[in-house]
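What follows is one structure encoded as structure tokens, with my remarks underneath.
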Amino acid sequence: IFNMKRSDKVSSSRRTQRRNLYQAPSNVRRKIMTVRLSRELRKKYNVRNLPIRKNDVVKILKGKSRKKSGKVTAVYRKRWCIHVDKVTKDKQNGQPVNVPIKTHNCVIETLHLDKDRKELLERVARNAERKKNKGMNKAE
């Protein structure tokens, strides 16, 4: 059985998908660079993942720096990575340099909340509830 494309706006070509990913503008990269929330935050806010942001506290799960946690000092969208405070390596001359970390290797432990972020959390949780209850309330 051959599955048809669901949308005409999205290409099914691998080549086009890759081109769209690597030529994506900053606002699209923000959504792609999402990070999972820890179990406690997931239960509290009813949200699975969020776009990463400066001043969030993350725990690194993979790589040489795993099990370290720290505050995000920079979200480097052009290079698809984040810089975490206390995760550095020394250059030949002793100068510390930030180690780039991919967002899918992290989990958010503490969120940096402000008005916009709270609204986003509420909106995402509301949509999740709506999807969850979509087929539940059928009249019998």
**Study point:** Total charge dipole magnitude, the range 22-61, about the Cα centre, Cβ charges on Lys, Arg, Asp, Glu only, Debye to nearest 20
**Key:** 120
Check your understanding: Going by alpha carbons, how many degrees (0 to 90, nearest 10) lie between the helix axis of 115-132 and the longest principal axis of the chain?
Key -> 40
Review point. What percentages, rounded to whole numbers, describe P(r) for the range 24-117 computed over all alpha carbon pairs with 10 Å bin width beginning at zero?
Key: 16, 48, 28, 6, 1
Exercise for review: Taking DSSP loops as anything outside H, G, I, E and B, show the longest stretch in the chain free of trypsin sites (Lys or Arg not before Pro) there with at most 16 other beta carbons within 10 Å.
Suggested key: 10-47
Point to revise | Share of carbon and sulfur in the accessible heavy-atom surface of the range 25-66 [1.4 Å probe, %] | key: 46
Study note, to complete from the structure: Beyond 29 Å (Cα-Cα) in this structure, taken from 5/71; 78/134; 59/91; 43/131; 43/134, we find 5/71; 78/134
Check your understanding: Given +1 on the Cβ of Lys and Arg, -1 on the Cβ of Asp and Glu, and no further charges, what dipole in debye does the range 39-140 carry about its Cα centre, rounded to the nearest 20?
Key -> 360
Study note, to complete from the structure: Helix-only [θ] at 222 nm, the chain, -39500 (n - 2.57) per DSSP H run of 4+, per residue, nearest 500, equals -8500 deg cm²/dmol
**Study point:** DSSP-loop chymotrypsin sites (Phe, Trp or Tyr not before Pro) across the range 44-140, with at most 15 other Cβ within 10 angstrom
**Key:** none
Check your understanding: By what distance, in whole Å, do the Cα atoms of the range 1-52 stretch along each of the three principal axes, largest value first?
Key -> 40, 33, 14
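The values are calculated or read from the model by the stated rules, or taken from the named source; none is laboratory data. Small disclaimer: the values here were computed from a predicted structure and weren't measured. Cβ coordinates were reconstructed from backbone atoms using ideal geometry, including for glycine residues, and neighbour counts include every protein chain displayed. These accessible areas exclude ligands, DNA and RNA; they are computed on the full protein's heavy atoms, side chains included. Shrake-Rupley method; radii C 1.70, N 1.55, O 1.52, S 1.80 Å.
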